[in-house]
Every structure is written in C-alpha cells, then in structure tokens.
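First comes the structure, then the notes that go with it.
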Amino acid sequence: MSKPKLAIFDFASCEGCQLQIINMEEEILDLMSIVNPVEWREAMSEQSEDFDIAVIEGSITRSGDEERLRRIRERAKVVVALGACATCGGVNKIMNNFNIEEAKKAVYQEASLMPHLNTSLTKAVDEVIDVDYKIHGCPIDRKEFAYIIRCLALGKNPEIPAYAVCVECKLKENICRYEQGEICLGPLTRAGCGARCPSVETWCFGCRGFIDDPNIYAAKEVMNKYGKTSEDLKDRMMLFGSKQRYIYE
Ligand code: SF4
Ligand code: SF4
Ligand code: SF4
C-alpha cells in the first residue's frame with residue numbers, strides 16, 4: 001500500500017500547533033514513516049501540488065487566503081483543520097468583535113496600512129471550505145495529532161470526543177471551579193484534553209471549541225445556581241467562542 005502524501009499549510013496563526021508536531025521529536029519520525037510528507041514550510045524546504053492529506057493551521061483573514069484555501073481543497077482528498085485558529089477562528093476571531101480598522105490601528109498604529117495587514121473578518125477554515133476532521137485545542141495535543149494522522153494513514157475514522165470537558169473533569173474528581181466562585185466553560189467545551197485546566201485549578205476557557213449540541217438551558221441553570229449571568233458567560237467566551245456566543249443571546 002502506498003503511503004498517503006501529507007502536506008501541512010499555515011495561514012494566520014502563531015504556528016504553535018506546528019511547533020507541537022515538531023516537538024514530538026523521535027515520535028515524529030515514526031509518524032512520518034507511515035505517511036509521505038511532501039510540503040511543510042516549518043520543517044522542510046520541498047513544496048508540492050500533489051498531496052492526499054492537507055493539514056491546515058491558522059484562520060482565514062488576509063486577502064488571498066480564501067482563494068489559496070480553495071485551491072488546497074481542490075487538490076486534497078482529506079482536509080484536516082489543525083488547532084483552534086483553524087477549527088473555530090481561535091484568538092484571531094476576537095478581532096471580529098470590534099471595528100477592524102480601529103482594532104488594527106490600536107495594535108499597529110502607523111504600520112496598520114502595511115500590505116500584509118490587509119485583513120478582513122476572520123473565519124475558521126470550515127467557514128470557507130468543507131473540512132473532514134478537526135484537531136482541536138490551543139495548542140493541539142501531540143498525542144491526538146499522532147492518533148488522527150495514524151487513523152487517516154490506515155484508512156480509519158478517528159474518534160474525536162463528542163462529550164464535554166466536565167466528563168473528564170469529574171472522572172479526575174477535581175473540585176468544580178463554580179464551587180470556587182469562577183466561571184468555567186467545561187460544560188460546553190469538547191473533551192479530549194483530560195480537563196487540563198481545571199486539573200491545575202483554573203477554569204476551562206474553551207480552546208477545544210464547543211460540543212456540537214451544547215445544552216444552553218443547562219448552562220443557564222448552572223449560571224443561575226451560582227449567581228452568574230448570561231453576560232458573564234458570554235464574556236468568558238470572548239477568547240475562543242466568538243463564533244458561538246450568539247447562541248446565548
Ligand atoms: S491554535 Fe493556538 S497554538 Fe495553535 S496556531 Fe492558533 S494560536 Fe497558535
Ligand atoms: S470545573 Fe469546569 S470542567 Fe470541571 S466540572 Fe466544573 S464546570 Fe465542569
Ligand atoms: S480545559 Fe478547556 S481550555 Fe483547558 S485545554 Fe481543555 S479545552 Fe482547552
């Protein structure tokens with residue numbers, strides 16, 4: 001069986017998810033022995049127009065990004081969105097809550113007119129093209145990346161948790177952050193990280209994106225029980241939930 005050709009592309013991002021892959025060190029060699037890497041700007045100089053699996057890191061925001069992304073989709077058999085920037089727009093999407101020109105000026109001042117800052121509203125990858133699989137998180141979990149790529153190389157469907165972080169958190173017997181007077185997005189956020197943040201005594205800020213069918217009423221009940229409001233919840237969603245905050249209107 002020939003190895004599937006793998007290409008990794010980046011759009012607007014900090015490239016931290018690609019760095020997670022590189023940081024796999026020796027394990028990356030095992031993984032790359034079952035695929036054929038043909039393009040990966042952060043790790044190799046070769047480029048190719050011929051690939052089977054396209055892994056996309058980053059959100060879509062600069063002029064020309066959408067056209068480039070569509071060309072990748074046309075060539076790839078399977079498209080995988082890598083990390084929160086790609087799966088839900090990530091921290092880049094915070095910009096959509098503001099007037100873009102004013103936001104650029106506030107950050108870059110006189111440099112805000114430079115051509116590479118010619119950006120528009122930020123989109124997740126699946127707001128432009130069809131995406132087959134998503135590797136969630138900011139940054140991604142290396143083991144989950146390896147698992148998903150192995151499944152794809154073997155022609156299997158990877159299983160990505162459809163339940164909330166609270167499930168993993170309760171299995172770890174953590175004290176709930178709501179009991180500490182905090183707001184935690186665990187009830188709405190897709191599991192798979194092992195409830196990493198509540199396990200080190202901080203709230204979940206939703207980096208794995210929301211589960212497909214979040215229970216809004218249950219979330220509102222929790223907020224009422226602990227004397228919080230929907231506005232408090234929406235504020236907590238600013239970092240990774242800009243795409244979905246509207247459901248709490
Ligand atoms: S998801 Fe987070 S770590 Fe990954 S590229 Fe985006 S900002 Fe960086
Ligand atoms: S701390 Fe967060 S993730 Fe854990 S049970 Fe409470 S709400 Fe759920
Ligand atoms: S607990 Fe929440 S914010 Fe922390 S890694 Fe998991 S999904 Fe991301």
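Dipole of the chain, Cα-centred, from +1 at each Lys and Arg C-beta and -1 at each Asp and Glu C-beta, to the nearest 20 debye? Don't skip to the answer; put the middle values down first.
Values: 32 positive and 39 negative charges, 85 e Å.
Magnitude of the dipole: close to 420 debye.
Please report, in debye to the nearest 20, how large the charge dipole of the stretch 5-153 is about its Cα centre when each Lys and Arg carries +1 at its beta carbon and each Asp and Glu carries -1 there.
Numbers: 17 positive and 26 negative charges, 70 e Å.
Around 340 debye, computed over the stretch 5-153.
So for the stretch 5-153, averaging the separation of alpha carbon pairs under 8 Å that are six or more residues apart and normalising by length, what relative contact order in percent results?
Working: 258 pairs, mean separation 43.5, N = 149.
Taking the mean separation of contacting Cα pairs over the length of the stretch 5-153, I get 29 percent.
Nearest 10 degrees is fine. How inclined is helix 65-75 to the longest principal axis of the chain, computing both from alpha carbons?
60 degrees
Identify, among N99, V38, Q18, the residue whose Cα sits farthest towards the positive end of the charge dipole of the chain, taking +1 on the Cβ of Lys and Arg and -1 on the Cβ of Asp and Glu, with the dipole about the Cα centre.
Going by the Cα projections, it comes out as N99.
To the nearest 20 Debye, how big is the dipole of the stretch 117-249 about its Cα centre, given +1 on the beta carbon of each Lys and Arg and -1 on that of each Asp and Glu? List each step's numbers first, then the result.
Numbers: 19 positive and 19 negative charges, 54 e Å.
Roughly 260 debye, rounded to the nearest 20.
For T202, T61, T119, what ranking results if the residue with the fewest other Cβ atoms within 10 Å of its Cβ goes first?
In order of increasing Cβ crowding within 10 Å: T202, T119, T61.
Please work out the Kirkwood hydrodynamic radius for the stretch 5-153, using every pair of different C-alpha atoms, and report it in angstroms with one decimal place. Before the final figure, lay out each step's value.
On the way: mean 1/r = 0.0631 Å⁻¹.
Hydrodynamic radius (Kirkwood, Cα only) of the stretch 5-153 equals 15.9 Å.
Compactness ratio of the stretch 165-248: Cα Rg over 2.2 N^0.38 Å, N = residue count? Show your work: numbers first, answer last.
On the way: Rg = 11.6 Å, N = 84, 2.2 N^0.38 = 11.8 Å.
In units of the globular-protein estimate, the stretch 165-248 measures up at 0.98.
Please report, in Å, the Rg and the Dmax of the chain, where both are computed over Cα atoms only.
19.1, 59
Give the residue list of GluC sites (Glu not before Pro) in the stretch 47-111 that are DSSP loop and have at most 14 other beta-carbon atoms within 10 angstrom.
On the way: sites: E49, E57, E66, E67, E74, E101, E102, E110; in loops: E49.
Here the sparse-neighbourhood loop sites are E49.
What pairs in K123/K234; K5/K143; K5/K93 have C-alpha atoms more than 23 Å from each other?
In this structure, K5/K93 exceed 23 Å between Cα atoms.
Compute the helix-to-body angle for 216-225: its Cα long axis versus the longest principal axis of the chain, expressed 0 to 90° and rounded to tens.
It is inclined by approximately 40 degrees.
Based on the Cα atoms of the stretch 66-156, what semi-axes does the equivalent ellipsoid have, where each is the square root of 5 times one gyration tensor eigenvalue, given in whole Å with the largest first?
Values: eigenvalues 190, 47, 20 Å².
For the stretch 66-156, the ellipsoid semi-axes come out as 31, 15, 10 Å.
Can you put I22, I160, I60, I183 in order of Cβ neighbours within 10 angstrom, beginning with the fewest? It would help to have the intermediate numbers written out before the result.
Details: I22 13, I160 16, I60 26, I183 19.
Result, fewest neighbours first: I22, I160, I183, I60.
By how many degrees, 0 to 90 and rounded to 10, does the Cα axis of helix 142-153 deviate from the longest principal axis of the chain?
Long axis of 142-153 versus the principal axis of the chain: about 50 degrees.
Just so you know, all these numbers are worked out from the coordinates, no wet-lab data involved. This is a predicted model, so every value here is computed, not measured. Counting neighbours? That spans all protein chains shown, and the Cβs are built from the backbone with ideal geometry, glycine included.
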